[in-house]
Amino acid sequence: MTSVDVRAGPHRYDVLIGSGLLAGVGKVLKKQLGGVHCAVISDSNTRSLFAHRVKQSLTTAGFQPMLITIPAGEKSKTFEQVGAICDQMTADGLDRQSFVIGLGGGVIGDISGFVAAIFHRGIPHVQIPTTLLAMVDSSIGGKTGVNTRDGKNLLGAVHHPSLVIDDVDVLKTLPRREFNQGFAEIIKHAVIADVKMFEDVARASGLRVSEGASETLALQSLIRRNIEIKSKIVAKDEHDRTGERAILNFGHTVGHAIERAGDYQEFLHGEAVSLGIAAACAISIKRAGLPCDQRDAIVDLLRRFDLPTHLPANFPREKIFGALPYDKKFEGGKIQFVVTSTIGSAHLSSDVTMEDIREAIDQL
Ligand SMILES: NC(=O)c1ccc[n+]([C@@H]2O[C@H](COP(=O)([O-])OP(=O)(O)OC[C@H]3O[C@@H](n4cnc5c(N)ncnc54)[C@H](O)[C@@H]3O)[C@@H](O)[C@H]2O)c1
Ligand SMILES: [Zn+2]
């Protein structure tokens, strides 16, 4: 097992990365948390796969866990679910001494973190991410929240976890498509911050979570590297105010618009981000001097994980432009867009125009 010491402002927490960690959750938490009552929040898939093991470990260590389950999928990430979860916690006697464990992918991490942020004005949150995307991205940084009718993540809070436990064994049951989408965020991290990791990921493209010990170790070290990259960027700009954290949005401006244009059905988040990265590369060639061969290398790497870099012919492209977060007043004007001029670094540019974005979407 390895661990990463994450710091963000006054907050500090460990991320444990290893194999077989679920069985030891209770023991680890006993050293860190005073409360006895806790809610283990999972979705309909992760409950049947992992909740029993976690509950048993907690009970053995002297905790009194209650299990709360919500339907799997993005549609559950709502304020209504948050209210229903809080009501169940209150009914079961949880109070301000209690804590919350999120056992699932990014949806569970975001909603359980938001519950922890507001229940009795804030109680500790423990993340046990079960998707690759959640391990390398959503469990780090403290952003929690839910979607509303008008858009994604519109309600939320910054509430850092007290501990994150990444047990790579859980990835064995993750469907291939879900596993691959995690690589969109990994490739994003490599492009914006780590040229060496970019080369390592190229070598890791056949990686699966199998029984092989060497593959498990390679995956653990890749997860660790990504946590270090994201947490370092977050530490510089915890509340997303100075622009430094904004580079994590590389590929996300167009990516989010594609997700929305596809009604969150057509593409998984990582797949939409892959398309967004392809668009951001085209814009970076024009506005930041990214060499064409580097764009080709990035697109090639995305494809090695079966990630899309072109839209299907029948996709409603015009909807993408309408779903961009920019106001009409930017039409013809300048906006802030994350670009890369060489693999391993990224910056915010105000040279990008709406026409550049339109052109890049047309090329997808
Ligand atoms: N807070 C942040 O900083 C941040 C960053 C990136 C993404 N996000 C959010 O994360 C969410 C996407 O996360 P996700 O891709 O993990 O989605 P998810 O939580 O919906 O998980 C994807 C699917 O995999 C299933 N699953 C999870 N773990 C499994 C396992 N080990 N074996 C088998 N099936 C498993 C889930 O039940 C679900 O059906 C989005 O809501 C996004 O907004 C948040
Ligand atoms: Zn993302």
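Among what's in the range 176-200 and is small (Gly, Ala, Ser) and open to solvent by less than 10 Å² (accessible area, probe 1.4 Å), pick the residue that is nearest to ligand 2 (Cβ to nearest atom).
Ala184
When restricted to residues that are out of contact with any helix residue (DSSP H, G or I) (no Cβ under 7 Å at 6 or more places or on another chain) and either within 16 Å of ligand 2 (Cβ to nearest atom) or free of Cβ contacts under 8 Å to residues at least 12 places away in the same chain (or both), the range 153-175 contains 3.
Residue selection: His125 satisfies the criterion of being open to solvent by less than 10 Å² (accessible area, probe 1.4 Å), at pLDDT 95 or above and farther than 30 Å from Arg304 by Cβ. Condition (residue is closer than 21 Å to Ala8 by Cβ and within 13 Å of ligand 1 (Cβ to nearest atom)) applied to the range 92-101: is it met by at least one residue? No. Residues that are open to solvent by 10 Å² or more (accessible area, probe 1.4 Å) and in a helix (DSSP H, G or I) do not occur anywhere in the range 305-316. For the range 81-95, the criterion of being open to solvent by 30 Å² or more (accessible area, probe 1.4 Å), under 28 Å from Val4 (Cβ atoms) and not in a strand (DSSP E or B) is met by no residue. Restricting Ala84, Ala8 to those that are modelled with pLDDT of 95 or more and among the aliphatic types (A, V, I, L, M) reduces the list to Ala84.
Per-residue answers, yes or no, for (1) at pLDDT 95 or above; (2) under 14 Å from Asn226 (Cβ atoms):
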site: Thr90; (1), (2): yes, no
site: Ala117; (1), (2): yes, no
site: Leu155; (1), (2): no, no
site: Leu163; (1), (2): yes, no
site: Ile192; (1), (2): yes, yes
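Taking residues in the range 235-247 that are under 23 Å from Ile186 (Cβ atoms), and partners anywhere that are assigned to a loop (DSSP other than H, G, I, E, B) and among the polar types (S, T, N, Q), the pairs with Cβ atoms closer than 9 Å and at least 6 places apart or on different chains are Lys236/Thr242.
The condition (being at pLDDT 95 or above and either within 17 Å of Asp166 (Cα to Cα) or in contact with a Pro (Cβ under 6 Å, 6 or more places away or on another chain) (or both)) is satisfied by just one residue among Val25, Val36: Val25.
Counting only residues that are outside any strand (DSSP E or B) and of a type in the set (A, V, I, L, M), which one in the range 55-70 is least open to solvent (accessible area, probe 1.4 Å)?
To start, the set of residues in the range 55-70 that are outside any strand (DSSP E or B) comprises 55-63.
With the extra rule that they be of a type in the set (A, V, I, L, M), the set shrinks to 58, 61.
On the way: Leu58: 0, Ala61: 26 Å².
Here the answer is Leu58.
Checked against (1) modelled with pLDDT under 95; (2) in a helix (DSSP H, G or I); (3) open to solvent by less than 40 Å² (accessible area, probe 1.4 Å), Leu324 passes all but condition (2).
Answer yes if at least one residue in the range 262-282 is more than 18 Å from Leu364 (Cβ to Cβ) and among the hydrophobic types (A, V, I, L, M, F, W, C), and no otherwise. There is no residue in the range 262-282 that is more than 18 Å from Leu364 (Cβ to Cβ) and among the hydrophobic types (A, V, I, L, M, F, W, C). For the condition out of contact with any helix residue (DSSP H, G or I) (no Cβ under 9 Å at 6 or more places or on another chain), more than 16 Å from ligand 1 (Cβ to nearest atom) and in a helix (DSSP H, G or I), Asp293 qualifies. Do you know which of the residues in the range 109-123 that are within 16 Å of Thr148 (Cα to Cα) and among the aliphatic types (A, V, I, L, M) is nearest to the chain's Cα centre (by Cα)? The residue in question is Ile111.
Is it the case that some residue within the range 151-166 is closer than 20 Å to Gln32 by Cβ, among the β-branched types (Val, Ile, Thr), out of contact with any His (no Cβ under 9 Å at 6 or more places or on another chain) and more than 9 Å from ligand 1 (Cβ to nearest atom)? Within the range 151-166, one or more residues are closer than 20 Å to Gln32 by Cβ, among the β-branched types (Val, Ile, Thr), out of contact with any His (no Cβ under 9 Å at 6 or more places or on another chain) and more than 9 Å from ligand 1 (Cβ to nearest atom). Checked against (1) within 16 Å of ligand 2 (Cβ to nearest atom); (2) in a helix (DSSP H, G or I), Lys286 meets all criteria but (1). Checked against (1) farther than 22 Å from Leu21 by Cβ; (2) over 20 Å from the mean Cα position of the chain (by Cα), Ser76 meets all criteria but (2). Of all residues in the range 124-142, those satisfying the criterion of being among the hydrophobic types (A, V, I, L, M, F, W, C) and more than 11 Å from the chain's Cα centre (by Cα) are Val126, Ile128. So, Leu16, is that one in contact with a Ser or Thr (Cβ under 9 Å, 6 or more places away or on another chain), more than 28 Å from Thr78 (Cα to Cα), touching a residue at least 24 places away in the same chain (Cβ under 8 Å) and open to solvent by less than 40 Å² (accessible area, probe 1.4 Å) or not? Considered against the rule, which asks whether it is in contact with a Ser or Thr (Cβ under 9 Å, 6 or more places away or on another chain), more than 28 Å from Thr78 (Cα to Cα), touching a residue at least 24 places away in the same chain (Cβ under 8 Å) and open to solvent by less than 40 Å² (accessible area, probe 1.4 Å), Leu16 comes out as yes.
The values are calculated or read from the model by the stated rules, or taken from the named source; none is laboratory data. All of these numbers come straight from a predicted model, not from anything done at the bench. Quick reminder, even Gly has a Cβ in these numbers, built from the backbone with ideal geometry, and neighbours come from all protein chains shown. What goes into the accessible areas is simple: the full protein's heavy atoms, side chains included, and nothing from ligands, DNA or RNA. Shrake-Rupley method; radii C 1.70, N 1.55, O 1.52, S 1.80 Å.
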